[in-house]
Amino acid sequence: MCELCMKHGAGGKWYLNAKHYSDEVVEKYGLYDFLLEQYKNFEQMSVRKVSGFSPVGMDYRMRMPIIGRIIKNMAGNMLNKQRFPKDPFKPESHIGQIVPMEDAIAIIEECAAEPIIEKNCMCRYMSRGEKEACCINFGVMSEVISQLPRFVPEKDKFHLTRKEAVERFKAHNRKGYIGTIWFGPFPYINNLCSCESPECAGIRPRVDFGIMSVHKAEYVIGLEKNRCDDCGACIIKCPFNAIEKDPYSRKIKIDLDKCFGCGVCRHVCPNDALFLLPRDIVPEVAGKY
Amino acid sequence: MKKKTIIKIDYSLCGDGVKENVDPRECCKCLRICKPAIFLLHQTLGAKEDNPLDPECWRVTPLWASLCTLCMECVKACPANAIQITQK
Ligand code: SF4
Ligand code: SF4
Ligand code: SF4
């Protein structure tokens, strides 16, 4: 069981463990049927009752001091469960983490099970009605998606080679989309997404309500001050509003607590002043995911 | 106490698979215009469960009313005049 745990830090990256992508896991849990059931009506997940409660209107309850905390803990625990769920209609054991481009490439090159596809992002579809091909899927998930026409891109390529998948991911990341990798459900990894906030249904609960729906990356941003000329290009790019200009000195200031370590700010810096550091060597944020 | 925003969509005008109604999948105007993206497009609960691979019945639910900024852009954009926003 231990190798399957969601380890953080000290080189323990759960998403670089090839076991989580394996056919062994697919067969053990009958994942084809489970995922087909789950994704047929995927968009309904956010409006179905969970333990008798309808999620519609839950956001106001989550803002109440005591009840809010209880609901948020319950939701976080459900998503973070490290056990294969029985019910495909519940968002259980569906936890993810932010990954910078380098780790995403390692996932595609070394871990991802074939076939590899790119599907229309279901979050953008259900929150904007837009079909944008930018979610890279692996293994049995790819087979399931090929049964569901609304997720199959009309213009873009559906089946990708590893190399193509890397190129697609890089393009999304450079645009400023946040790389995320997900258990879907634990212990199977099948989704490497390129998300946006507030559209992403996995990031929103964390950013807007403080629910542990996605973990911060194994990294945090660093700034080489003498390279930075305070142009501010990174401020607009950061999807988590972690960068600002100090109102007095007009110098770039990073709020490490707000930084999710996605690394997309680096792509726009004309001076290469931004770089990622392993989270566990930066004392202010070590162990804080 | 802070007021609560109540967003209602009239499903006799938008969604629910009735032919005369707007199909929200074709329209999506409210979904696109809303800055905080508070709407959710989904298959209507309980609809067409016998053939969920090709469900005809979709609707929009205002899922995150607490994040609404009351800009009223969705109300203006809705071609069916189906959205109503009040505060309580
Ligand atoms: S500051 Fe942190 S959260 Fe913001 S873009 Fe850079 S790495 Fe991502
Ligand atoms: S009033 Fe504005 S913020 Fe509120 S739901 Fe409509 S578009 Fe969104
Ligand atoms: S804008 Fe109006 S008609 Fe169009 S999807 Fe939204 S509620 Fe329905």
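Among the GluC sites (Glu not before Pro) within the stretch A:174-254, those in coil by DSSP and having at most 16 neighbouring Cβ atoms inside 10 Å are A:E224.
Remark: relative contact order (the stretch A:176-230) = 20 percent; criterion is Cα-Cα distance under 8 angstrom and separation of 6 or more residues. Across every pair of non-identical alpha carbons in the stretch A:98-182, the mean reciprocal distance, once inverted, gives a Kirkwood radius of 12.9 Å. Across chain A, the mean sequence separation of Cα contacts (distance under 8 Å, 6 or more residues apart), normalised by length, yields a relative contact order of 19 percent.
Excluding ligands, DNA and RNA, the accessible surface per residue across the stretch A:219-281 is 54 Å² with a 1.4 Å probe.
Electrostatic bookkeeping for A:E244 treats Lys and Arg as +1 and Asp and Glu as -1; over the other residues with beta carbon under 12 Å from its beta carbon, the sum is +2.
Hey, what's the stretch A:1-133 come to in accessible area per residue, 1.4 Å probe, Å²? Walk me through the numbers before you get to the answer.
Values: 6200 Å² over 133 residues.
Normalised by residue count, the accessible surface of the stretch A:1-133 is 47 Å².
Starting from the residue with the highest accessible area, list A:S22, A:S197 in decreasing order, probe 1.4 Å.
Ranking A:S22, A:S197 by accessible area, largest first, yields A:S197, A:S22.
Heavy-atom accessible area, probed at 1.4 angstrom with all protein chains present, ranks A:H159, A:H267, B:H42 as A:H159, A:H267, B:H42, highest first. Put simply, the C-alpha atoms of chain B give a gyration tensor, and the ellipsoid matching it has half-axes of 25, 14, 11 Å, longest first. By the rule of a C-alpha distance below 16 Å, with chain neighbours fewer than 8 residues away ignored, the lysines paired with A:K251 are A:K225. Hydrodynamic estimate: the Kirkwood radius of the stretch A:2-215 over Cα pairs, inserted into Stokes-Einstein at 4 °C and 1.567 mPa s, corresponds to D of 74 µm²/s.
How large is the convex hull of the C-alpha atoms of the protein assembly as shown per residue, in Å³? Spell out each step's value before the answer.
Values: hull volume 60.6 nm³, N = 377.
Dividing the Cα hull volume of the protein assembly as shown by its residue count gives 161 Å³.
Helical runs assigned H by DSSP (4 residues or longer) give chain A a calculated mean residue ellipticity at 222 nm of -8000 deg cm²/dmol, each run adding -39500 (n - 2.57) before division by the residue total.
Efficiency by 1/(1 + (r/R0)^6): what FRET value for B:K4 and B:A77, r their Cβ-Cβ distance, R0 = 25 Å, to the nearest 0.05?
Working: r = 23 Å, r/R0 = 0.92.
For R0 = 25 Å, the calculated efficiency reads 0.65.
Assuming R0 = 22 Å, can you tell me the calculated FRET efficiency for the pair A:N271 and A:E164, based on Cβ-Cβ distance, to the nearest 0.05? Efficiency at R0 = 22 Å is approximately 0.10.
Quick one: net charge of A:M122's neighbours, Cβ under 9 Å, K/R +1, D/E -1?
Values: positive: A:K119, A:R124, A:R150; negative: A:E43.
My count for the surroundings of A:M122 gives +2.
Springs join every pair of Cα atoms under 10 Å in this Gaussian network model of chain A, and among A:R206, A:R61, A:R162 the largest mean-square fluctuation is at A:R61. Considering only alpha-carbon pairs that sit under 8 angstrom and 6 or more positions apart, the relative contact order computed for chain B is 43 percent. Label-to-label distance for A:D255 and A:N73 is 2.6 nm, based on points extended 7 Å past Cα in the beta-carbon direction.
Ignoring ligands, DNA and RNA and using a 1.4 Å probe, state the total buried accessible area between A and B in Å², rounded to the nearest 100.
On the way: alone 14100 and 6310 Å², together 17950 Å².
Buried area between the two chains comes out at roughly 2500 Å².
Candidate cross-link partners of A:K157 among the aspartates and glutamates, defined by an alpha-carbon separation under 19 Å and a same-chain spacing of 8 or more, comprise A:E109, A:E114, A:E118, A:E130, A:E132, A:E143, A:E167. With one equal scatterer per alpha carbon and no solvent term, the Debye-computed log10 I(q)/I(0) for the stretch A:73-136 at 0.23 1/Å reads -1.14.
With all pairs of separate Cα atoms included, the stretch A:219-281 yields a Kirkwood hydrodynamic radius of 11.6 Å. Of A:G184, A:G261, A:G96, which is the most mobile in a GNM of chain A whose springs link Cα atoms less than 10 angstrom apart? Per the Cα network of chain A with a 10 Å cutoff, A:G184 tops the list.
Using the Cβ-Cβ distance between A:V56 and A:E224 with R0 set to 35 Å, the FRET efficiency works out to roughly 0.15.
A straight Cα-to-Cα reach below 18 Å connects A:K13 with the lysines A:K81, A:K216, A:K288, residues fewer than 8 places away in its own chain not being considered. Using a probe of 1.4 Å, the accessible surface attributed to A:D33 totals some 110 Å² when neighbouring protein chains are kept in position.
Out of the stretch A:106-171, which chymotrypsin sites (Phe, Trp or Tyr not before Pro) are coil in DSSP terms and have no more than 15 other C-beta atoms within 10 Å?
Taking the stretch A:106-171 and a limit of 15 other Cβ atoms within 10 Å, no loop chymotrypsin sites (Phe, Trp or Tyr not before Pro) are found.
Kirkwood radius, the stretch A:157-289, all distinct C-alpha pairs, inverse of mean reciprocal distance: 16.0 Å.
Axis of helix A:65-80 versus longest Cα principal axis of chain A: the two differ by about 70°, to the nearest ten degrees. Angle of helix A:31-40 to the longest C-alpha principal axis of chain A, folded into 0 to 90 degrees and rounded to 10: 80°. Of all the options B:P36, B:P24, B:P62, the one that moves most in a Gaussian network model of chain B with Cα springs shorter than 10 angstrom is B:P36.
The values are calculated or read from the model by the stated rules, or taken from the named source; none is laboratory data. Just so it is clear, the model here is predicted, and its values are computed rather than measured. Neighbour counts run over all protein chains shown; Cβ positions are idealised from the backbone, glycine included. Heads up: the accessible areas ignore ligands, DNA and RNA and are worked out on the full protein's heavy atoms, side chains in. Shrake-Rupley method; radii C 1.70, N 1.55, O 1.52, S 1.80 Å.
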